[in-house]
Amino acid sequence: MRTFYVQIKCELGKVYDVASSLVDDIEESPTVYSTSGEFDLIAQFTVSASDDIGRFVNDKVQCVKGIANTKTIICFNAFTKDSGYKDDVGT
């Protein structure tokens with residue numbers, strides 16, 4: 001599985017509509033947060049390792065009515081208490 005985030009800039013007055021569409025219409029979008037700053041929302045997506053993230057964003061995210069711009073952040077490693085946050089050598 002691959003996790004990535006998409007920062008989303010919405011058209012004026014469309015933040016709640018866009019957030020609802022992402023949560024209701026895209027199965028791979030378990031969490032959408034409203035944010036401050038340059039972007040209005042950040043959405044977390046998880047897809048299979050074989051999925052093309054660029055095509056996913058193009059076909060499922062950017063076509064949502066009310067989205068003006070996106071920025072995709074691809075994740076490499078998850079650091080959690082049970083894996084990946086300590087150096088395995090000598091710890």
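Within segment 49-61, residues that are loosely packed, with under 12 Cβ neighbours inside 10 Å reach partners that are among the polar types (S, T, N, Q) and not in a helix (DSSP H, G or I) with beta carbons closer than 9 Å, at six or more positions or on different chains, in the pairs GLY54/THR72.
When segment 7-20 is examined, which residues are found to be outside any helix (DSSP H, G or I) and in contact (Cβ under 8 Å) with a residue 40 or more places away in the chain? Please lay out each step first, then the result.
At the first step, the residues of segment 7-20 found to be outside any helix (DSSP H, G or I) are 7-14.
Correct list: GLN7, ILE8, LYS9, CYS10, GLU11, LYS14.
Within segment 21-76, the set of residues being within 14 Å of ILE8 (Cα to Cα), at pLDDT below 95 and assigned to a loop (DSSP other than H, G, I, E, B) comprises SER29 only.
The values are calculated or read from the model by the stated rules, or taken from the named source; none is laboratory data. All values reported here derive from a predicted model rather than from experimental measurement. For neighbour counting, all protein chains shown are included, and Cβ atoms are generated from backbone atoms with ideal geometry for every residue, glycine included.
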